[in-house]
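What follows is one structure encoded as structure tokens, with my remarks underneath.
The values are calculated or read from the model by the stated rules, or taken from the named source; none is laboratory data. This structure is a prediction, so every number in the text was calculated from the model and none was measured. Here the Cβ positions follow ideal geometry from the backbone for every residue, glycine too, while neighbour counts run over all protein chains shown.
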Amino acid sequence: MNQHNHHQQFHEALIRYGKFSFFFNWVRFFYPKSKGINFIYLLYFFIPQKIFRINGNVPWPVHFTSRILYYKNIDVGNRSAPGMNANCYVQGRNGICIGHNFRMGPGAGLISANHNMDDYDQWVAAPPIIIGNNVWIGMNSIVLPGVRIGENVVIGANSVVNNDIPSNTIVSGNPCRIIKQKPPYKGEDYSQL
């Protein structure tokens, strides 16, 4: 089965099961910060996260292979769920503020605090990571402490983001650099949910 057929079948299943979504509204109680995320995803993550308690206290859906630390210091917007993809690492010790419609590829990381180089038992204070609306961080990319990412930004795979990224850009590399300007985002405005 090719990728297109698989995607089409999944989309048809979402429509078919969407007609019965009122039976599953209870699952939203367990995910208070999941506004805009389709209930089928919440059901998919429910057993490993809420029954087996892998990232069980996190109030948004998280893949069982991802790790969320200091979730109380992480603020997420509508249709944003850091760690929903496989093998992500999100550490919010110094705080992370994420806007609406945030996507994070597999293996990506958000690290808000580093260890002190002279004493590994100490953490270095830094400003929080700030991420705007409509941001997509590609596979295996990492965002380091204190970085501000504007709105409507795509970060290419395997990038290391160690400096602020302006809005409406496509960036990539180690260290991350602007590749080109990005046209305005044309998808749904999730801030209005």
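Residue-by-condition table, conditions (1) more than 14 Å from Val90 (Cβ to Cβ); (2) touching a strand residue (DSSP E or B) at 6+ places or on another chain (Cβ under 6 Å); (3) surrounded by fewer than 17 Cβ atoms within 10 Å (Cβ to Cβ); (4) outside the structural domain of Ile165 (by TED's automatic domain parsing):
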| site | (1), (2), (3), (4) |
| --- | --- |
| Gly107 | no, no, no, no |
| His115 | yes, no, yes, no |
| Gln122 | yes, yes, yes, no |
| Ala126 | yes, no, no, no |
| Ile130 | yes, yes, no, no |
| Ile137 | no, yes, no, no |
| Ser141 | no, yes, no, no |
Subject >> Selected residue (only one of Ile111, Ile98 is under 12 Å from the mean Cα position of the chain (by Cα) and among the aliphatic types (A, V, I, L, M)) >> reply: Ile98
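So which residues in the stretch 35-81 are polar (S, T, N, Q), crowded, with 16+ Cβ neighbours inside 10 Å and not in a helix (DSSP H, G or I), if there are any at all? Spell out how you get there, then give the answer.
Of all residues in the stretch 35-81, those polar (S, T, N, Q) come to 38, 49, 55, 57, 65-66, 73, 78, 80.
Of the ones still in play, those that are also crowded, with 16+ Cβ neighbours inside 10 Å are 49, 55, 66, 73, 78, 80.
Within the stretch 35-81, Asn55, Ser66, Asn78, Ser80 qualify.
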Original post:
Within the bounds of the stretch 105-117, is there any residue that is under 23 Å from Leu193 (Cα atoms) and in contact with a Gly (Cβ under 8 Å, 6 or more places away or on another chain)?
Top reply: no
Original post:
Is it true that some residue in the stretch 186-193 is in a strand (DSSP E or B) and of a type in the set (Asp, Glu)?
Top reply: no
**OP:** Could you check Ala157 against (1) more than 21 Å from Pro106 (Cβ to Cβ); (2) without any contact (Cβ under 8 Å) to a residue 60 or more places away in the chain and say which number it fails?
**Re:** (1)
Original post:
Trp60 versus (1) farther than 25 Å from Asn152 by Cα; (2) in contact (Cβ under 8 Å) with a residue 12 or more places away in the chain; (3) hydrophobic (A, V, I, L, M, F, W, C): which is the lone unmet condition?
Top reply: (1)
Subject >> Verdict on Met84 being surrounded by 13 or more Cβ atoms within 10 Å (Cβ to Cβ) and in contact with a strand residue (DSSP E or B) (Cβ under 6 Å, 6 or more places away or on another chain) >> reply: no
**OP:** Output the residue which, of all residues in the stretch 86-104 that are in contact with a Gly (Cβ under 6 Å, 6 or more places away or on another chain) and assigned to a loop (DSSP other than H, G, I, E, B), is farthest from Val160 (Cα to Cα).
**Re:** His100
Subject >> Any chance Asn133 is of a type outside the set (Asp, Glu), more than 21 Å from Gly77 (Cα to Cα), part of a loop (DSSP other than H, G, I, E, B) and modelled with pLDDT of 95 or more >> reply: no
Subject >> Checking Gly107 against (1) part of a loop (DSSP other than H, G, I, E, B); (2) under 22 Å from Lys33 (Cβ atoms); (3) out of contact with any helix residue (DSSP H, G or I) (no Cβ under 6 Å at 6 or more places or on another chain); (4) of a type outside the set (A, V, I, L, M, F, W, C), the condition it does not meet >> reply: (2)
